[in-house]
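Quick notes on the structure that follows.
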Amino acid sequence: ASADCSSCTCQQIVFLCVFVYNNMFVCLFFYICFSVFQVHLASCYGGLYGRPFIESFEETPMLVAVLTYMGYGILTIFGYLRDFLRHWQIEKCSIAREKENQKDFVPLYQDFENFYTRNLYMRIRDNWNRPICSVPGAKMDLMERTSRDYNWTFEYTDRVVQDVINLGSYNYLGFAENTGPCADSACEVTMKYGVGVTSTRQEIGNLDRHEEMEKLVAKFLGVESAMAFGMGFATNSMNIPALAGKGCLILSDELNHASLVLGARLSGSTIRVFKHNNMQSLEKLLREAIVHGQPRTHRPWKKILIVVEGIYSMEGSIVRLPEVIALKKRYRAYLYLDEAHSIGALGPKGRGVVDYFGLDPCDVDVMMGTFTKSFGAAGGYIAGKRELIEYLRSHSHSAVYATSMSPPVVEQIITSMKCIMGEDGTTIGCKRVRQLADNTVYFRKRLREMGFITYGNNDSPVVPMMLYMPAKIGAFGREMLKRNIGVVVVGFPATPIIESRARFCISAAHTKDMLDRALSVISEVGDLLQLKYSRHRIQPSPARPFDDNVYEDIDD
């Protein structure tokens, strides 16, 4: 009986081996499913995260969505009616029509873009391009202006609206100021070096201050080397083409900034877009890229580059960096991380999203960021391995052809970065990083308690508050300014057509009194315009000290 059982077992093993051999694709399918399941588990249960990762994107209420579409429909119908009246010269607004001497010209703009600008954007144009006449700090001064031709042109009244609480500038750490150590250092450098270099870095425009700044950036980020550029937008658009080209694949988040999109297009690489912050979508593209290779030839891709942002400036969300790095390592791709909004604004030490998640900077192949926000300056940087930076110094168009950064701007970066790192001998920088985190959690929490729909991560200082309807975009901006609160409102085409919003940017320079004043006004205007759409009302929690540890607050 034992011999029969042994023979039967051997036959079963042989049969199983033959079955597996003839069903390799089935095995591969189960392996892929298991891999996807692993990523799903990591996402759901925080296997890759040291602490909770909380983001909210409440669904648009059905009635609000219908009314929003109706609003745009009515505006479009009246727009075509006004175009008809302009054509027959019944409507007297001549600015909206083509000039007589340009009738035979090919239209400069696409037809719908021109139509949208004339008939929809112009109605609420007064909410944008407002000139300020002070430092864009926690409070600012605005120049008052009026329009006599339905926002086609503006006239200034010579009146200044003073002490407007600024909820729109990217001044995350409050370094955009005209007093203090940063301003004093910039003044001294201006007297020594002047305001411009008038040459490229490769010719005679390379200063000792540039070298010091780049070494400081590398030290701040914890990488081997770094390189600075005079413009943040060009840092992306001119350097991605130097890193990828024909035969390469770029996997880009669908909500990436325009500079990343332009850089990817200029590179000549194949571009595939994955759903925003969706790791299953990203892994599917990675898997297909490896299995199928390049189109037609099916040769392996020369390079696969994953392009993401640290904080997405319209959504207020934070990239799922631990999962992105895990996928990047598994499929042997490269990672390009844009930290324009996250550097200085996230992490216990203000060192961005890598610091926020407690990850190794060496796991990110290309670290990009800007100095225009948290540092109160201008320009951008790329950091990483020394070989990468040396390659970019000779192959990047923005390095070879662009004029080097202005000395006072460089000094502003050096001084503010040393302040954040604590190398100035004070704890001012550390306190500002902590203050920004506290302000962010407090502001977001109060908005949710009031019943507004907000998007993004609990720790993101970019706070989108949903407005939805087109008429409420202009109304909210105007009503807030009447109450001395300056805000940024955003609508189509910068956002999806039914997801218009106000975007608040929180700063360490905001005091609790300023935030409470702003929140009170937001609640008042929200009641006036009926903006409290949330169906998940949160009861106010018991009062507690404002400066509680933000990381303990999130764990609550």
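List of remarks:
- Within the stretch 170-188, the presence of at least one residue that is polar (S, T, N, Q) and in a helix (DSSP H, G or I) is confirmed.
- Residue 338 being surrounded by fewer than 23 Cβ atoms within 10 Å (Cβ to Cβ) and closer than 22 Å to residue 48 by Cβ: no
- In the stretch 148-183, the residues that are loosely packed, with under 12 Cβ neighbours inside 10 Å and more than 30 Å from residue 316 (Cβ to Cβ): 148, 153, 155, 156, 157, 158, 159, 179
- Flag for residue 256 being open to solvent by 10 Å² or more (accessible area, probe 1.4 Å), within 19 Å of residue 310 (Cα to Cα) and assigned by the TED database to the domain that holds residue 366: yes
- In the stretch 443-454, the residues that are in the same structural domain as residue 509 (by the TED database) reach residues that are of a type in the set (A, V, I, L, M, F, W, C) and open to solvent by 10 Å² or more (accessible area, probe 1.4 Å) with C-beta atoms within less than 7 angstrom, at least six apart or across chains, in these pairs: 448/538; 449/538.
- Selection over the stretch 491-529 of residues that are open to solvent by 10 Å² or more (accessible area, probe 1.4 Å), modelled with pLDDT of 95 or more and not charged (D, E, K, R) gives a count of 8.
- When residue 502 is tested against the conditions (1) touching a residue at least 40 places away in the same chain (Cβ under 8 Å); (2) among the small types (Gly, Ala, Ser); (3) not in a helix (DSSP H, G or I), the lone failure is (1).
- If the condition is being outside any loop (DSSP other than H, G, I, E, B), among the polar types (S, T, N, Q) and exposed (fewer than 13 other Cβ atoms within 10 Å of the Cβ), then the stretch 189-221 contributes no residue at all.
- Selection count where residues are assigned to a helix (DSSP H, G or I) and out of contact with any helix residue (DSSP H, G or I) (no Cβ under 8 Å at 6 or more places or on another chain), scope the stretch 60-78: 11
- In the stretch 309-317 there is at least one residue matching the filter, namely being in a strand (DSSP E or B) and free of Cβ contacts under 8 Å to residues at least 60 places away in the same chain.
- Residue list for the stretch 349-398, filter: over 14 Å from residue 321 (Cβ atoms), outside any loop (DSSP other than H, G, I, E, B) and open to solvent by 10 Å² or more (accessible area, probe 1.4 Å): 386, 387, 388, 390, 391, 393, 394, 395, 397, 398
- Residue check for residue 265: assigned to a helix (DSSP H, G or I), of a type in the set (D, E, K, R) and either crowded, with 24+ Cβ neighbours inside 10 Å or at negative phi (or both): yes
- Candidate set: the stretch 281-303, residues that are open to solvent by 70 Å² or more (accessible area, probe 1.4 Å) and either part of a loop (DSSP other than H, G, I, E, B) or polar (S, T, N, Q) (or both); chosen: the one nearest to residue 366 (Cα to Cα): 302
The values are calculated or read from the model by the stated rules, or taken from the named source; none is laboratory data. All figures in this text were calculated on a predicted structure; none of them were measured in a lab. Here the Cβ is made from the backbone with ideal geometry for all residues, glycine too, and neighbour counts use every protein chain on show. Side chains included, ligands, DNA and RNA excluded: accessible areas come from the protein's heavy atoms. Shrake-Rupley method; radii C 1.70, N 1.55, O 1.52, S 1.80 Å.
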